[in-house]
Every structure is written in C-alpha cells, then in structure tokens.
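**Student:** One structure is given below, represented as structure tokens, and several questions about it will come after.
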Amino acid sequence: MACKASSGYCKDLRIYIMNVPAFNASMAPNGMMMVWTGALLRMRDEAELAFVLGHETGHFRAQHTLHQWRRMKDTSAFLSAFQVLAYGVGAPNTAMLGSLGIYATMFKFTRDQEREADRLGFDAVVAAGYAPEAGADLWGRMLREENANKYRSKSTVFATHPATEERLADVRAAAAASPTHPTMRNLAQYRAATRPFLKDWLVAELAQRRYDTSILVIGELRDDAPPEDRGLLTFALGEAYRRRDAAGDRQKARDLYVEASKQEGVPPEAWRELGFALSKSGNTTGARRAFEHYLQVAPAADDRAFVQRAMDKLGEAE
C-alpha cells in the first residue's frame with residue numbers, strides 16, 4: 001500500500017509498525033516510515049490507511065524534514081543573535097516577545113508543510129484508485145475523537161499540524177472537485193489483515209485510561225463491525241465503562257457484558273466480568289453461571305483460583 005501511495009518512491013521506503021496506542025504516523029528523510037497501531041485500530045479499510053501513507057510519502061517526496069531542519073538551523077542562529085542584542089540593550093520583554101514570534105513563524109512553516117503533504121498524498125492515493133471520500137471519513141472520526149477529549153488544547157498558534165476541522169474541510173473539497181471518482185476501499189481485505197491484532201490493540205487502547213475517547217472510538221468501531229467482531233468490541237466497550245466508573249457506568253458495563261455474551265467472537269474474559277458485575281448487583285445465581293462458563297471456556301486461565309474463590313463466596317448454588 002505504501003508503494004501505491006508513494007508515486008514511484010517504493011524502493012526508497014522502509015515501513016515499521018510501532019506498538020503504540022495512539023493515532024500517529026511519521027516519515028524520516030531517509031525513507032523510514034513509522035505507523036502506530038493506534039492509527040491502524042481507528043481505520044476501517046485500506047483506503048483510509050492509504051490516505052495516511054500517502055500523506056507521509058508526500059513529506060518524503062517534498063523533502064520536508066530536510067527543509068525543516070535547515071529552517072530551524074537558520075532560525076536558531078538568528079534567534080541567538082537577536083536575544084543577545086535585545087538583552088544587551090536592556091530590553092528583555094522585547095527578547096521574549098520576539099522569540100515567541102519567531103517560534104510561531106516556525107510552527108506555521110511546519111503547518112504549511114503538512115498542508116502540502118495532504119495535497120500530494122490525496123493526488124497519489126486517488127490516482128492509485130482509492131475512493132477520495134475515505135480521507136473525509138477518517139478525519140471526521142478524528143474530529144469527533146478530539147472533541148470528546150476534554151484535555152485537548154485548542155490553540156493553533158504553536159501547533160505543528162493544521163486544525164482537524166481545516167483538514168476535514170480541505171479533503172472534502174478535494175474529493176468533491178476530483179475529476180475521477182474511484183471507489184476502491186478494500187474493507188474485507190483490511191479487516192482480514194488486522195483482525196488477528198484487534199484484541200491486543202483494544203487492550204492497549206484501554207490501558208491509556210482515556211476512557212471518554214476510548215468509549216467513542218470503540219463504540220464507533222462496534223457500530224461498523226461485522227458480526228464476527230461484535231462480541232469482542234462489545235466487551236471492550238463494557239470494559240471502558242467499567243473502568244471509567246462514572247455515574248451509571250456500572251449498569252452500562254453490565255448490560256454490555258450481557259450483550260457480548262450473546263454475540264460471536266466474545267472473549268472468555270467477558271464471562272468473568274459478567275460474573276463480577278452480576279455478583280455486585282445481587283444476582284448470585286447468574287454470577288455463578290457466568291463464572292462457571294468462564295472456567296469452562298478458559299480452563300487454563302491464570303486467574304482460575306481467584307475466580308473459584310469468588311464463586312465460593314457466593315455460596316452453594318440454589
């Protein structure tokens with residue numbers, strides 16, 4: 001896919017998948033591209049991944065990293081001389097404000113590079129046959145995730161990337177103006193390639209403890225998921241609510257565990273958590289049945305003794 005998105009630079013690229021649960025990808029000037037697993041979790045098909053790869057290869061084709069390094073080198077030399085002069089004449093405020101202005105200019109330079117990489121990537125991906133609206137689908141979800149993050153910084157002066165609202169508007173406009181409208185998305189192929197890693201990616205997502213955004217991400221994944229993935233995603237969503245533990249979350253988690261237990265692809269852990277949830281709600285019979293089912297489907301579970309002890313505390317079955 002990176003070869004398709006690189007417009008002839010395939011032999012120069014090396015791709016590394018980094019096991020990091022956040023949305024990110026990067027490109028080094030020597031052709032080393034890194035894609036984080038958090039980004040792969042959030043994508044739905046090959047076309048969405050192609051837009052990210054096309055963006056990164058756009059940086060490589062335009063030699064953005066080298067240009068940025070030279071700009072920073074020149075700016076650093078100018079900034080040092082400016083500060084010495086300003087402090088030398090007794091104008092520390094001028095030195096500070098001038099430095100901030102220079103840094104803001106540097107960040108704007110970086111944002112302009114990001115815009116160019118977006119344009120180069122869009123053209124390459126559409127030329128390769130991928131659906132132009134896939135980029136808008138991806139950035140639309142990223143915007144919803146950002147809005148769900150209460151710790152998100154809304155300042156753009158010192159941002160390294162354009163605002164997501166701007167990027168979403170740009171890719172929508174580019175898709176609408178595209179002279180060709182290919183339709184390739186390759187959803188089934190993407191799901192087949194990523195399904196073996198889905199459980200581990202969800203575990204890593206929840207380990208960040210950013211439950212507000214995880215609830216949104218996992219909930220939207222579940223809405224789009226095929227039947228064979230719904231059990232795992234429903235359980236993961238229940239885990240997000242249980243761990244957040246805000247008002248009403250325990251009930252939501254319990255309902256999701258019950259729902260997961262009736263779906264395909266449910267992991268054994270769902271029965272264990274269902275047992276604990278039912279036990280806390282006073283349903284000892286249901287809890288015992290859930291624990292028994294867990295031990296049946298996961299006979300070698302590391303926490304077998306712990307779960308058995310929880311069953312013993314429930315008393316004899318009625």
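The values are calculated or read from the model by the stated rules, or taken from the named source; none is laboratory data. As the structure is a computational prediction, the values presented were derived from the model and not from experiment. We place every Cβ from the backbone using ideal geometry, glycine too, and count neighbours over all the protein chains shown. Each accessible area value is taken on the protein alone, full model and side chains, heavy atoms only, with ligands, DNA and RNA left out. Shrake-Rupley method; radii C 1.70, N 1.55, O 1.52, S 1.80 Å.
**Student:** Which one, GLY286, GLY265, ALA300, is farthest towards the positive end of the dipole of the stretch 255-308 when Lys and Arg carry +1 and Asp and Glu -1 on their Cβ?
**Tutor:** GLY286
**Student:** Let me ask you something else. Let's see if you can work this out: charge +1 on each Lys and Arg Cβ, -1 on each Asp and Glu Cβ, no other charges. What is the dipole magnitude of the stretch 170-318 about its Cα centre, in debye to the nearest 20?
**Tutor:** Taking the Cα centre of the stretch 170-318 as origin, the dipole is about 140 debye.
**Student:** Also, I was wondering about something else. Treating only the Cβ atoms of Lys and Arg (+1) and Asp and Glu (-1) as charged, compute the dipole magnitude of the stretch 254-311 about its Cα centre; round to the nearest 20 debye.
**Tutor:** 280 debye
**Student:** Which ³J(HN,Hα) values in Hz, rounded to whole numbers, follow from the phi angles of the stretch 29-35 under the Karplus curve 6.51 cos²θ - 1.76 cosθ + 1.60, where θ = phi - 60° and Gly and Pro get x?
**Tutor:** Computed from phi, the couplings for the stretch 29-35 are x, 8, x, 7, 10, 10, 10 Hz.
**Student:** List the aspartates and glutamates whose Cα sits under 14 Å from the Cα of LYS313, skipping any in the same chain fewer than 8 residues away.
**Tutor:** GLU292
**Student:** Report ³J(HN,Hα) in whole Hz for each residue of the stretch 47-59, in order, from the Karplus equation J = 6.51 cos²θ - 1.76 cosθ + 1.60 where θ = phi - 60°; Gly and Pro get x.
**Tutor:** So the J values, rounded to whole Hz, are 4, 5, 4, 4, 5, 5, 5, x, 4, 5, 5, x, 4.
**Student:** If amide H atoms are built 1.01 Å from N in the plane of the peptide, which residues on other chains or at least 5 residues away come under 5 Å of the amide H of MET32?
**Tutor:** For MET32, whose amide H was placed from the backbone, the distant partners under 5 Å are ARG14.
**Student:** Taking θ = phi - 60°, what integer Hz values does the Karplus form 6.51 cos²θ - 1.76 cosθ + 1.60 yield along the stretch 248-264, in sequence order, with x for Gly and Pro?
**Tutor:** Taking θ as phi minus 60°, the curve returns x, 6, 5, 5, 4, 4, 4, 5, 6, 5, 4, 4, 4, 5, 9, 10, 6 Hz for the stretch 248-264.
**Student:** May I ask you to give the solvent-accessible area per residue for the stretch 226-265, in square angstrom, as obtained with a 1.4 angstrom probe?
**Tutor:** Per-residue accessible area for the stretch 226-265 comes out at 47 Å².
**Student:** Another question, if that's okay. Please list LYS150, LYS11 in order of solvent-accessible area, largest first, computed with a 1.4 Å probe with all protein chains present.
**Tutor:** Per-residue accessible area, sorted high to low, gives LYS11, LYS150.
**Student:** Still on this structure, please answer the following. Mind checking which aspartates and glutamates have their Cα closer than 15 Å to the Cα of LYS150? Skip sequence neighbours fewer than 8 apart in that chain.
**Tutor:** ASP212
**Student:** How do ARG61, ARG242 rank by accessible surface area computed with a 1.4 Å probe, from largest to smallest?
**Tutor:** Order by accessible area, largest first: ARG242, ARG61.
**Student:** While we're looking at this one, here's another question. So how strong a dipole does the stretch 199-274 carry about its Cα centre when Lys and Arg Cβ are +1 and Asp and Glu Cβ are -1, to the nearest 20 debye?
**Tutor:** 360 debye
**Student:** Right, next: What does the highest-first list of 25-36, 40-51, 169-180 look like by mean Cβ count within 10 Å?
**Tutor:** 40-51, 25-36, 169-180
**Student:** Using the Cα centre of the stretch 123-261 as origin and beta-carbon charges of +1 (Lys, Arg) and -1 (Asp, Glu), tell me which of ALA136, ILE215, ALA173 is placed farthest towards the positive end of the dipole.
**Tutor:** ILE215
**Student:** While we're on this one: Over the heavy atoms of ARG14, what accessible area does a 1.4 Å probe trace out, to the nearest 10 Å²?
**Tutor:** Roughly 90 Å² of ARG14 is accessible to a 1.4 Å probe.
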